[in-house]
Each structure stands twice: as structure tokens, then as C-alpha cells.
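The structure appears right after this line, and notes come after that.
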Amino acid sequence: MTKIKTLVFGGGEIHDWQGVQPLVVNALSAADALEITTAQEDLSILEADNLSPYDVLVFHYTVGTISDAQRDGLSQWLAAGKGYVGIHSAADSFRGDPDYRNLVGGYFLTHPPYREYQVSIKDPEHPITQGLDEEFMVADEQYILDYDPRVHILANALWKGETMPVAWTKSHGGGRVFYLALGHDAPACKHPAFCQLLLQGTLWAAS
């Protein structure tokens with residue numbers, strides 16, 4: 001069977017990507033279908049031909065600056081039928097780049113203190129959410145997001161009495177995007193629901 005070539009890329013400021021990346025790889029390693037490569041910090045991997053060997057990109061990066069060549073390389077690669085999975089701070093990367101924000105489907109605004117809160121599955125029939133409890137508790141940093149109303153919300157959580165997305169999907173040309181707002185730090189990335197959403201989301205995005 002041909003393996004799904006998966007690139008897990010971490011870096012940037014603020015978040016402990018060094019602690020998160022091994023746990024992301026561990027969660028994805030539960031699927032024999034994935035052949036995993038890791039990379040860190042050097043955004044030139046997003047340029048034109050550098051992404052071409054991969055079927056899906058799993059991205060956990062914070063703030064930073066993306067060049068036109070890097071953003072266009074990512075966008076064109078994805079639109080050609082590949083998959084992008086953004087974890088947590090992927091929605092807080094490249095704050096000055098509206099095209100990147102559009103690719104992800106939304107962007108970070110703020111967050112309440114790290115705390116325990118309830119996540120509710122909105123679409124239990126989707127391949128990404130199948131097998132999950134329809135409500136579960138997490139200890140994580142809840143992201144408050146501005147997002148495109150056209151994204152397909154898979155899960156949400158309450159914030160000040162309003163629902164806020166925790167996971168969504170969207171298309172980008174012929175490619176698939178899955179964004180998961182969970183995964184602030186290493187303990188959060190050990191939660192079984194995070195691991196299951198990440199794994200099933202990556203398989204979905206790559207298919």
C-alpha cells in the first residue's frame with residue numbers, strides 16, 4: 001500500500017512546539033498509512049517544489065512572517081489537491097497575511113486563561129469526529145477566533161454564552177483544510193480526543 005507522505009512542521013515563538021511535536025508524531029503514528037517526516041523553523045520548506053513530495057502538511061507554528069513565495073507555494077500545493085492540518089496556533093501564524101488567514105479559514109483574536117472546558121461535537125457523522133464522545137472535557141487554552149462563516153464546524157465550545165469553533169473543515173481549490181484549535185501544550189496534546197481528532201483529521205485531509 002502506498003503510504004501517505006506526511007510533513008509535521010513546527011516552530012515560531014510563544015508556544016512550546018518542541019514539546020508538542022513529538023506528541024503530534026506519536027498520535028499520527030497510530031495509523032500505519034502515514035509516513036511521517038518532521039521539520040522545524042525553516043519556512044522555506046513551503047516554497048514551490050519543497051512541498052511537492054508530501055500529501056499532507058500538519059502545521060503547528062506561531063506568529064512569524066511568511067514570504068510571498070512561501071505563502072504562494074503552500075497555497076498552490078494545497079489547491080492542487082493536497083491536505084493542510086492546522087493545530088492551535090496555526091490560526092495565529094503570519095498575522096499580517098490575509099491570504100494565509102483565508103487559507104486556514106479564520107484567525108486568533110484572544111483567549112481566556114488556560115482552564116478546563118467542555119467541547120461539544122456538532123457533526124458526529126463526519127469522518128473526523130466518528131467514534132468520539134459527543135461531549136468531553138479538555139484542559140487547554142481556548143482560542144477565540146474570527147472565522148469565515150462558510151467553514152464547516154465539526155466541534156465547538158462555549159465562551160461568554162456564545163459558541164466558538166474548536167474544529168472545522170474547508171476546501172482550498174482542490175485541497176482539504178482541517179483546523180483544530182486544541183493543542184496548546186504537551187499535556188493538552190496527550191488528551192485522547194485531541195489525538196483522535198488529529199489522526200482522523202489528517203487522514204481526511206490527505207484523502
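The values are calculated or read from the model by the stated rules, or taken from the named source; none is laboratory data. Just so it is clear, the structure is predicted and the values come from calculations on it, not from any experiment. As a convention, Cβ positions derive from the backbone with ideal geometry for all residues, glycine included, and neighbour counts pool all protein chains shown. To get the accessible areas, we keep the full protein, side chains included, count just its heavy atoms, and leave off ligands, DNA and RNA. Shrake-Rupley method; radii C 1.70, N 1.55, O 1.52, S 1.80 Å.
What is the packing order of peptides 23-34, 195-206, 55-66, taking the mean over residues of other C-beta atoms within 10 Å and listing the highest first? Don't skip to the answer; put the middle values down first.
On the way: 23-34: 16.8, 195-206: 22.6, 55-66: 21.1.
In decreasing order of mean packing, 23-34, 195-206, 55-66 become 195-206, 55-66, 23-34.
Hey, can you find the accessible area per residue of the chain for me, probe 1.4 Å, expressed in square angstrom?
Values: 8930 Å² over 207 residues.
Value returned for the chain: 43 Å² of accessible area per residue.
List, in order, the whole-Hz ³J(HN,Hα) value for each residue of the stretch 171-182 obtained from phi through the Karplus relation with A = 6.51, B = -1.76, C = 1.60 and θ = phi - 60°; use x for Gly and Pro.
9, 9, x, x, x, 10, 10, 10, 10, 10, 6, 6
Going by a ≥ b ≥ c, the root eigenvalues of the Cα gyration tensor, does the stretch 66-179 fall in the rounded group (a/c under 1.5), the prolate group (a/b larger than b/c) or the oblate group?
Values: a/c = 2.43, a/b = 1.45, b/c = 1.67.
Here the stretch 66-179 falls in the oblate category.
Take SER75, SER93 and sort them by solvent-accessible surface of the protein heavy atoms, 1.4 Å probe, largest at the top. Walk me through the intermediate numbers first.
Numbers: SER75 35, SER93 5 Å².
Ranking SER75, SER93 by accessible area, largest first, yields SER75, SER93.
Please report, to two decimal places, log10 I(q)/I(0) for the stretch 1-59 at q = 0.16, 0.28 Å⁻¹ as given by the Debye formula with identical point scatterers on the Cα atoms and no solvent.
The calculated log intensity ratios at q = 0.16, 0.28 Å⁻¹ are -0.51, -1.20.
First check a/c for the stretch 1-127, with a ≥ b ≥ c the square roots of the eigenvalues of its C-alpha gyration tensor; if it is under 1.5, answer rounded, and if not, answer prolate when a/b is larger than b/c or oblate otherwise. Each step should come with its number before you reach the end.
Values: a/c = 1.43, a/b = 1.08, b/c = 1.32.
Rounded, since a/c falls under 1.5.
Reachable lysines from LYS5, Cα under 16 Å, same-chain residues fewer than 8 places away excluded?
Reachable lysines: LYS82.
What are the ³J(HN,Hα) couplings of the stretch 85-91, residue after residue, when phi is run through the Karplus curve with 6.51, -1.76, 1.60 and θ = phi - 60°? Round to Hz, x for glycine and proline.
10, x, 9, 6, 6, 4, 7
How do the peptides 4-14, 38-48 rank, highest first, by the average count of neighbouring beta carbon atoms within 10 Å per residue? Show your work: numbers first, answer last.
Details: 4-14: 19.5, 38-48: 16.0.
Descending mean neighbour count gives 4-14, 38-48.
Going by average Cβ neighbours within 10 Å, how do the peptides 178-191, 142-155 rank, with the highest at the top?
Values: 178-191: 21.7, 142-155: 17.7.
Ranked from most to least packed, the peptides come out as 178-191, 142-155.
Under 23 Å from the Cα of LYS160, which lysines turn up, not counting those fewer than eight places away in the same chain?
Filter leaves LYS122.
Probe radius 1.4 Å, ligands and nucleic acids ignored: give me the carbon and sulfur share of the accessible area of the chain as a rounded percent.
Numbers: 4340 of 8930 Å².
That fraction is 49 percent.
Return the calculated 222 nm mean residue ellipticity for the chain, to the nearest 500 deg cm²/dmol, obtained by summing -39500 (n - 2.57) across DSSP H runs with n ≥ 4 and dividing by the residue count.
Details: 4 runs with 46 residues, N = 207.
After summing the helix terms and dividing by residue count, I get -7000 deg cm²/dmol.
To the nearest 10 square angstrom, what accessible area does TRP77 show with a 1.4 Å probe?
Its accessible surface works out to 20 Å², give or take rounding.
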